[in-house]
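Beneath this line is the structure, given in structure tokens, with notes to follow.
Only the coordinates and a few stated rules stand behind these numbers; no lab work does. Computed from a predicted structure; not experimentally measured. Cβ atoms come from the backbone with ideal geometry, glycine included; neighbour counts cover every protein chain shown.
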Amino acid sequence: MKQITFLIALLVLNYTYSFAQDIGSKTLEEIRLKQVENIKNPELWDMERMKGDIEPISEREPIRFGAFPVPHYNSLFGFNYRGGGEINNRMARSLPDYRITMKDKEIVFCSFHIGNSPFYKEEQRNTAFFTVITVIDTVDTNNFALGTSRIISRNHPDYGGEGSFITRDNKVEFVAFTTPDKGSFAIVNMRLFHLEYGNIILITPQKDGSFRSLQIKGSVPLADGSFDYIKTNVLQREEVIKFLTVEGVI
């Protein structure tokens, strides 16, 4: 037992050390305190970035995006933003290669990912921290799924995204964010998900106006690989097929 305990402690120490090397001598607590102080300091604000954030209001976003003054990203101990993005198939029927169907259901998804940020553990980088998959029953005149989505880096080193998918009688709305020190979370139609227990959230709008949710684990890759992974891995799981096609789903 003592040997096992020692080995576990050694692994934890090695892991913590390798992670700490990326952020130098700073701790995550020091980085968090620095972030809070920077936000309050007008001398560090990136006003040009703020001006670029002022845009027409979108009524399809769950939370209205506001243009706030934010510190220059590299003011956080010299670490800049290392990229991130989103992958989705809102184009639905307009690009047949990206259309996903299961029986009589049309499936859409959206994934948010972060880039090679030194604030995050290596396995969290360049991967999706949140994916939502749902069923739709309508598209617009261009055959795009109704809705919107965006990922936001303005809370660097915390990153988040939001979006929606609109059905004939309902709307699936989602907000998700990841932090280097507190974990990753999502809210979908006011249901809270701790994403360490599963970063893929399936939502099915029901014909009676209610929703059902299923939280599963997976490793959604970036770029075009997302479509293949969701089609050939996630959507092939027995529990997922049953969940998306059971009686009562729109």
Sparsely packed GluC sites (Glu not before Pro) within the range 220-250, loop by DSSP, other Cβ within 10 Å at most 13: Glu247
Debye log10 I(q)/I(0) for the range 153-250, one point scatterer per Cα, at q = 0.11, 0.13, 0.16, 0.17 Å⁻¹: -0.38, -0.53, -0.80, -0.90
Mean Kyte hydropathy of 0.0 or more with a Cα span along the axis of at least 30 Å, helices from DSSP in the chain: 2-22
Mean Cβ count within 10 Å, highest first, over the residues of peptides 97-109, 35-47, 168-180: 168-180, 97-109, 35-47
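By the gyration tensor of its Cα atoms, with a ≥ b ≥ c the square roots of the eigenvalues, what is the shape of the range 88-193: rounded for a/c under 1.5, prolate for a/b over b/c, or oblate?
prolate
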Cα centroid separation - the range 130-148 against the range 222-239, whole Å: 17 Å
Global form of the range 57-128, assessed from the alpha-carbon gyration tensor, a/c cut-off 1.5: oblate
Local net charge near Thr101, Cβ-Cβ under 14 Å (Lys/Arg +1, Asp/Glu -1): +1
Structure-derived Cα Rg over 2.2 N^0.38 Å - corresponding label in [x] 0.96; [y] 1.01; [z] 1.12: [z]
